[in-house]
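Student: Take a look at the following structure, please.
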Amino acid sequence: MSFIVCKFGGSSVADSAMFQQVARILKKDPSRRYIVLSAPGKRDSRDKKITDLLYRCHAVRHNPTDFEAEYSRVRERFLEIARAFSLESHMEQWLAESQPLLLSDADSAASRGEYLCARLFAEFASLPFVDAKELICFDEGGQLDEEASYSAIRKALSNLPFAVIPGFYGAMPDGRLRTLKRGGSDVTGALVARAMGADLYENWTDVDGVLTADPKLFPDAVPVTRISYAQMGLLSRLGASVLHPDSIKPLFDACIPTRVRNTRRPLAPGTLITTESGVSAPCVSGTTGLSMLRAYAPAEACLNKLMGKVPLEGIFSAYDRTDLIVRTSELSVMQHALSGINCTPPRGVAVIAAVWNGRPRLADTLCRLLSGLISGIQHTQSGCLLLLTGEETYLEVLTRLRNEIRGMPSPSDAAFPHAFPYETPENVPSMPTPMKIIG
Ligand code: ASP
């Protein structure tokens, strides 16, 4: 019988009314069997996410007055939700059990947001609770162990028709708790969906799906009805926060269709992500906070030195020089790894992606149109275009690019190749293929 794994994000479980809304969504379709939950998120723009409050608690753990002040905010948030369902005494007990973990390491402290939320929701909805520490496995070095996680998930869930599972964390072999990256509940959901062979993975959030652009910059952005995994992978690596980039590969590998949906508007169709279809309307996204080093050496020489040490966000190459792009936080590691190769001083850059289907020749048109504003360009197999620009020209390039592609029709799916851009051999850092340096 077909079944669905659903993940509900922080805004979907932010208060008791949202808990009820999630319960309504589950009731509507009993094939929604495994439910992964984030920690309660912001209720309005001035509010704080529970996860951020928990990190604060941990940071001030040596100062009892500050700790009490931060902890009381966490406590009150959870008690307020529990009170609505007459589960206050249960929550008091779970909070008391959790408190020692807030005083140990940061990962254990942060994990309690998801733990307490899922515990409470399971009790409220009368569904079994399964602790993520039994399901999501990390190795001794703290890296996610996907294969071990798949076996653990199958072992724990095979005989359970329904389960509520906290997202975001798991355990190391010695039992210590370990979190995924921020926003990692999407990854928990994807791992559960893949391990159990779900027919559909639903990622419930607070927007109507994957949008054609960042709505904070472009308020007229609209949701797309479909997009391919490869295109989604690129958008989420470049700032589209609707789905965690690390969640896409497990879903792509097992070809599990994924639907991004709005918890507040469950009748909206959302966005369907599959191997079969390209994007239904052109999208743009981009990110700043990147640094570029221009190395005077061919791409291969640089990659040999960087292999496995630094996750590259992009590589634009010409015959004898290579522009290497990393998150600024990784810059010093990259500089160290490249010692011996002559490099220019680092500079802040932005990478922008346009995702649509086909028309590779548009790259030439855009090169002309944006000349002087971009320093690198690449057309990928999956119908995406990547542009390298400076931090100061980011918004202008993004806006011009959007204006250029927004009205374009989507050609038929058949014309569209579906390569997954981040599939790389083991131990090779995940990176796009080299792109052309302009000028
Ligand atoms: N609660 C965690 C965070 O805020 C994980 C998640 O929401 O997926 O990052």
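The values are calculated or read from the model by the stated rules, or taken from the named source; none is laboratory data. All values derive from a computational prediction rather than experimental measurement. Because the Cβ atoms are built from the backbone with ideal geometry, glycine has one as well, and the counts that use them run over all protein chains shown. Protein only, heavy atoms only, side chains kept; ligands, DNA and RNA dropped before computing areas. Shrake-Rupley method; radii C 1.70, N 1.55, O 1.52, S 1.80 Å.
Student: Can you tell me what share of the DSSP beta bridges in the chain is antiparallel? A percent to the nearest 5 is fine.
Tutor: 60
Student: On average, how much accessible surface per residue is there in the chain, in Å², for a 1.4 Å probe, leaving out ligands, DNA and RNA?
Tutor: 43
Student: Could I get the Rg over Rh figure for the chain? Both from C-alpha atoms, Rh via Kirkwood, rounded to two places.
Tutor: A ratio of 0.98.
Student: Could I ask something else about it? Looking at the chain, identify the longest residue range that excludes and avoids all trypsin sites (Lys or Arg not before Pro) in DSSP loops having at most 10 other Cβ atoms within 10 Å.
Tutor: Counting at most 10 other Cβ atoms within 10 Å as exposed, the longest clean stretch of the chain is 47-215.
Student: Run the accessible area of the chain with a 1.4 Å probe and give the carbon-and-sulfur part as a rounded percent. Each step should come with its number before you reach the end.
Tutor: Working: 9680 of 18860 Å².
The nonpolar share, carbon plus sulfur, comes to 51 percent.
Student: How much length is gained if the chain between A148 and E391 is pulled fully straight, taking 0.36 nm per residue apart and subtracting their Cα-Cα distance, in nm to one decimal?
Tutor: That pair, A148 and E391, stretches by 83.4 nm at full extension.
Student: Among G376, G233, G407, determine the one that fluctuates most according to a GNM of the chain built with springs between C-alpha atoms less than 10 Å apart.
Tutor: Among G376, G233, G407, the largest GNM mean-square fluctuation belongs to G407.
Student: Still on this structure: Mind listing the phi-derived Karplus ³J(HN,Hα) values for segment 328-339, rounded to whole Hz, using 6.51, -1.76 and 1.60 with θ = phi - 60°, and x for any glycine or proline?
Tutor: 4, 5, 9, 4, 5, 5, 5, 4, 5, 5, 8, 4
Student: Which far-off residues, 5 or more places away or on another chain, put their amide H under 5 Å from the one on V222, with H placed in the peptide plane?
Tutor: Amide H neighbours of V222: T212, A213.
Student: While we're on this one: Report, in debye and to the nearest 20, how large the dipole of the chain comes out about its Cα centre when Lys and Arg carry +1 and Asp and Glu carry -1 on their Cβ.
Tutor: Roughly 840 debye, rounded to the nearest 20.
Student: On a 25 Å Cα-Cα criterion, which of the cross-link pairs K42/K155; K42/K181; K42/K309 come out too long?
Tutor: Details: K42/K155 34 Å; K42/K181 19 Å; K42/K309 35 Å.
In this structure, K42/K155; K42/K309 lie more than 25 Å apart at Cα.
Student: Determine the calculated [θ] at 222 nm for the chain from helices alone, applying -39500 (n - 2.57) to every DSSP H run no shorter than 4 residues and normalising by the residue count; nearest 500 deg cm²/dmol.
Tutor: Counting only the DSSP helices, I get -11000 deg cm²/dmol.
Student: Right, next: Which one, A171, A59, A122, is farthest towards the positive end of the dipole of segment 51-181 when Lys and Arg carry +1 and Asp and Glu -1 on their Cβ?
Tutor: A122
Student: Let me ask you something else. Angle between the Cα long axis of helix 16-28 and the longest principal axis of the chain, 0 to 90 degrees, nearest 10?
Tutor: Taking the Cα atoms of the chain, the angle to 16-28 is about 80 degrees.
Student: Any chance you could give the angle, 0 to 90 degrees and rounded to 10, that helix 64-84 forms with the longest Cα principal axis of the chain?
Tutor: 70
Student: Taking 4 °C and 1.567 mPa s as the conditions, I'd like the Stokes-Einstein D for segment 13-98 in µm²/s, using the Kirkwood hydrodynamic radius from alpha carbon pairs.
Tutor: 90
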